[in-house]
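Read-outs throughout are calculated quantities, based only on the coordinates presented, and are distinct from any laboratory measurement. Computed from a prediction, not measured in an experiment: that's the story for all the values here. Backbone-built Cβ (ideal geometry, glycine too); neighbour counts: all protein chains shown.
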Amino acid sequence: NEAIMETFDTLMPKAMEKNLSLNLSFKSGIPQNVIGDPLKIRQIMMNLIGNAIKFTPKGSIAVLVDRATYEGDRLRLHVAVKDTGIGISEDKLPYLFEPFYQADHFMVRQAGGTGLGLAITRKLVQLMDGEIYCEPNPGGGTIFHFHVLIRAESMSSISLPETNMEKMPEPDDSLS
Ligand code: ATP
Ligand code: MG
């Protein structure tokens, strides 16, 4: 989960530039320091949070590690990345993870990109024996859910207090 923290450090300035709040939380009882595959997890988080920032003109992005279930000696972590952005219409959902797919929306055209992010993300999730899917955020925007299987040994037996990082930049009217 250091990988998640690192991703936050990298992406926080981008979020702040757009006055978006970026929040990470762990449901209580979820081990916070487990041995994963930091490179893959980092890449997955970068893509999902990067998209969330790109496609959210205002509001917030929340990353919630919301469930952990044991499978033998391994741990399945369930993560949700929620944004309050432009959303994705229901009929587009089946295509999102196809290589080069990009929705026809001015913010998407403006942002550029290649449409490969989610295709790569899905591959990485599958390499970790997991699945990823997307649903509309009932409050507007998008929620990406994924789960991955990681080795379960704790790096320390100390239970950490619940993390709740939140950055709320001051509103700045000079930004569009
Ligand atoms: P790249 O990741 O290669 O820079 P991209 O971000 O456009 O380009 P993907 O990450 O694969 O490509 O996403 C595919 C498409 O899914 C996007 O172009 C956009 O239309 C839609 N999409 C992805 N994430 C979101 C989101 N959080 N909110 C709204 N639309 C999204
Ligand atoms: Mg992308």
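Taking only the stretch 64-91 into account, find how many residues are within 14 Å of ligand 2 (Cβ to nearest atom) and assigned to a helix (DSSP H, G or I).
0
If we keep just the residues of the stretch 16-47 that are within 16 Å of ligand 1 (Cβ to nearest atom) and in a loop (DSSP other than H, G, I, E, B), which is farthest from His147 (Cα to Cα)?
Lys18
Are any residues in the stretch 114-137 closer than 22 Å to Ser60 by Cα, near ligand 1 (Cβ under 8 Å from one of its atoms) and either out of contact with any Leu (no Cβ under 8 Å at 6 or more places or on another chain) or not aliphatic (A, V, I, L, M) (or both), and if so, which ones?
Those that are closer than 22 Å to Ser60 by Cα, near ligand 1 (Cβ under 8 Å from one of its atoms) and either out of contact with any Leu (no Cβ under 8 Å at 6 or more places or on another chain) or not aliphatic (A, V, I, L, M) (or both): Gly117, Thr121, Cys134.
Restricting attention to the stretch 68-98, which residues are farther than 17 Å from Gly50 by Cα and free of Cβ contacts under 8 Å to residues at least 60 places away in the same chain?
Result: Ala68, Thr69, Gly72, Ser89, Glu90, Asp91, Lys92, Leu93, Pro94, Tyr95, Glu98.
So which of Leu124, Leu118 is in contact (Cβ under 8 Å) with a residue 60 or more places away in the chain, crowded, with 18+ Cβ neighbours inside 10 Å, within 12 Å of ligand 2 (Cβ to nearest atom) and not in a loop (DSSP other than H, G, I, E, B)?
Answer to the check: Leu118.
What number of residues within the stretch 127-141 satisfy the criterion of being more than 19 Å from Thr69 (Cβ to Cβ) and within 16 Å of ligand 2 (Cβ to nearest atom)?
2
The rows are residues; the columns are (1) of a type in the set (Phe, Trp, Tyr); (2) within 16 Å of Thr121 (Cβ to Cβ); (3) in contact with a strand residue (DSSP E or B) (Cβ under 7 Å, 6 or more places away or on another chain).
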| residue | (1), (2), (3) |
| --- | --- |
| Glu17 | no, no, no |
| Leu22 | no, no, yes |
| Pro31 | no, no, yes |
| Met46 | no, yes, no |
| Lys54 | no, yes, no |
| Ala68 | no, no, yes |
| Glu71 | no, no, yes |
| Arg74 | no, no, yes |
